[in-house]
Each structure stands twice: as structure tokens, then as C-alpha cells.
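Undergrad: Input: one structure, supplied below.
No value in this document is a laboratory result; all are computed from the given coordinates. Note that the structure is a prediction, hence the values are computed from the model and not measured. Note: ideal-geometry Cβ built from the backbone for every residue, glycine included; neighbour counts use all protein chains shown.
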Amino acid sequence: MNFLRSTRHWLEAARPQTLPAAITPVITGAAIAWYLGAFSWFPVGIALLSGSLIQIGTNFANDYYDFKKGADSKDRIGFARPTSTGAISEKQMYTATWIAMSLAFLTGLVLVSIGGWIILWIGLLSLLFGILYTGGPFPLAYNGLGDLFVFLFFGIIAVSATVYLQTLEWIPLSFVIATGIGTVCINILVVNNLRDIHQDKQVHKRTLGVLLGEKFLKAEYSLMLLIAIIIPVVTRIVWVPSNWILLPLLSGVVAFFPLRTVWTHSEKSVLNQTLKQTAGVMLLYGLLFSAGLLLARP
């Protein structure tokens, strides 16, 4: 029973509901490489493993540093944080953070052997900013920079680097599609910040919600979805002459439900489900984009 309870707490700390942020860019990058005739299973598999470990390590770090900074309390609205509830000790969470990040680094070295020094620097920066997201003297999430970090590392860099590992070229198409992936990923953070806005104000965590207000977050969520919908259309017009590439537009139907909740909710607790739905929208968007690329390949 203790083992099962411990496993449940570590699963909560890993936050599997956020893993689409790490998985979706790699899957999409693999599909772009397939469309270009350069797909390779091996770097894609290692990138999925390394990216997931970085995401889990970042989640562990957030759990640890948010507790240390007083941003988490036992009465938080969001998903349970094992460090704040005492289910996992500070020392255990700190150790787990470095274990996850070390494993990510070691698996990433395999990718360095394929892509060279540029991949090493991308990996090191991903690990560094994963810690600095909530840790260090100037944590990104506490100073309104979380959205930019998410867009760059879970959108632009993750997608384009996955393509680079298979083609050894920086492909313009990958940056365009990565923009769509990055915007839907931002919305996971938007929902998180919207849910926690009142608690964040109390602990002086200066997210964009705290700095600019709830209406800004709602407008941001809507704008990110709009950009994500425009990207397949632009891709169809400029790069991929096939209507299959418009498949991601179908995700807009599913996205309507969390969008409605973002604008109409009266209780912050309902946004936990909205966060899961938004992560699901990101995964669906990436899968539909990938399917469109597979079907559009000449």
C-alpha cells in the first residue's frame, strides 16, 4: 500500500497532463522530416525520451522551487503538489529533479553524436532554463517570461531541432509549423496562470496574468488559437500544395470547449479540467498536422 501511495505521489509530481508539451513537437518534427523524405526512427525515439525527461525534470523543479518560494500551499486550487502537501520531502524532490535532468542530459548526448555541437547547446539551454523557470535569482515564471520560454523551447526549438536531427538542415517549413505548435502550447500555461492568478498575486509571482490581468489572459488564449488556425492555411498556400495539410483546422472544433470555459468560468477550480483539455488540443493539433504531412507527401 505504501508503495502504491508513493508511486501515486511521484506520478502527481511528474504531471503527465503536461507531457503533450514535450511529445507533440517531436511527433510533428518527425512528420515534417517524413514529408521531406528524411524520416529516421532512431533520433525521433531518443528525442521523445530526452524531451519527456526534461519536461518531468522541469515539473519536479517547479514543485520544489514553488514550495521553497511560498507559491504553493496546501489549499492551492491546482493539481496536488507533493512537496507542499508533505507527501514527498524537499530533499527527495530536489534529488529527483537532478536525476531526471541528468538522465535527459545523458540521452541527449546520443543526439549530439548525430547533430553536433548545436544540439549540445540546445540541450544544455533546455536543461538550464528548465531549472531557471522557477529557480535561481530571476525565475522566468515569476517575471512574466514563462510564455516566451514555452513558445521558444516547446515550439520553435523542439520542432525545428527534431527536423534538423533527421535532415541536418534548418528547414523554413519547420519554423512555420513550429509557430503553430508553440502557440497552442502557450495556452497550457495561460490556463495555469488564469487558474492561479489570485494565489500568484499573494506571493508576488509576476505572471502575465498578474501583470496584465485576467482579460489579457483570455484574449491571449483566443489569439494563440487564432494563430494556430492560420498556420495550416499559410502552410497550404506557401509550402505544401495539398488540402490534407488543413487537417489541423479540425482541432478548432475541440478547442471551442476549453475556450468557452476560459471566457465564462466562475470557479477557478474548473480550470484544472480546462488545462487537461488544452493539453489535449495541443496533442490533437500536432497529430492532425502530422497526419496531414504524411498524407500530403508527394
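Undergrad: Does any residue in the stretch 14-25 that is over 10 Å from residue 55 (Cα atoms) come within less than 9 Å, Cβ to Cβ, of a residue that is of a type in the set (Phe, Trp, Tyr) and surrounded by fewer than 19 Cβ atoms within 10 Å (Cβ to Cβ) six or more places away or on a different chain, and which pairs are these?
TA: Listed pairs, sorted by first residue: 17/79.
Undergrad: Could you grab me the full set of residues in the stretch 166-187 that are among the hydrophobic types (A, V, I, L, M, F, W, C) and buried (at least 24 other Cβ atoms within 10 Å of the Cβ)?
TA: Listed by number, the residues that qualify are 177, 178, 181, 184, 185, 186.
Undergrad: For the stretch 256-278, does any single residue satisfy the condition of being over 30 Å from residue 36 (Cα atoms), basic (Lys, Arg) and under 21 Å from the mean Cα position of the chain (by Cα)?
TA: yes
Undergrad: Which one of these is touching a helix residue (DSSP H, G or I) at 6+ places or on another chain (Cβ under 8 Å) and over 25 Å from residue 143 (Cα atoms): 286, 209?
TA: Step by step, each of 286, 209 is checked, and only 286 is touching a helix residue (DSSP H, G or I) at 6+ places or on another chain (Cβ under 8 Å) and over 25 Å from residue 143 (Cα atoms).
Undergrad: Ok, one more. Looking only at the stretch 267-289, decide whether some residue is out of contact with any Phe, Trp or Tyr (no Cβ under 9 Å at 6 or more places or on another chain), farther than 16 Å from residue 21 by Cβ, part of a loop (DSSP other than H, G, I, E, B) and without any contact (Cβ under 8 Å) to a residue 60 or more places away in the chain.
TA: Yes, the conditions are met somewhere in the stretch 267-289.
Undergrad: Okay, next question. Which ones in the stretch 96-144 are among the β-branched types (Val, Ile, Thr), farther than 13 Å from residue 54 by Cβ and surrounded by 14 or more Cβ atoms within 10 Å (Cβ to Cβ)?
TA: Within the stretch 96-144, 110, 112, 114, 119, 134 qualify.
Undergrad: Moving on. List pairs: first in the stretch 128-156 and assigned to a loop (DSSP other than H, G, I, E, B), second polar (S, T, N, Q), Cβ under 7 Å, 6+ apart or cross-chain?
TA: 133/58; 133/62; 134/62; 144/207
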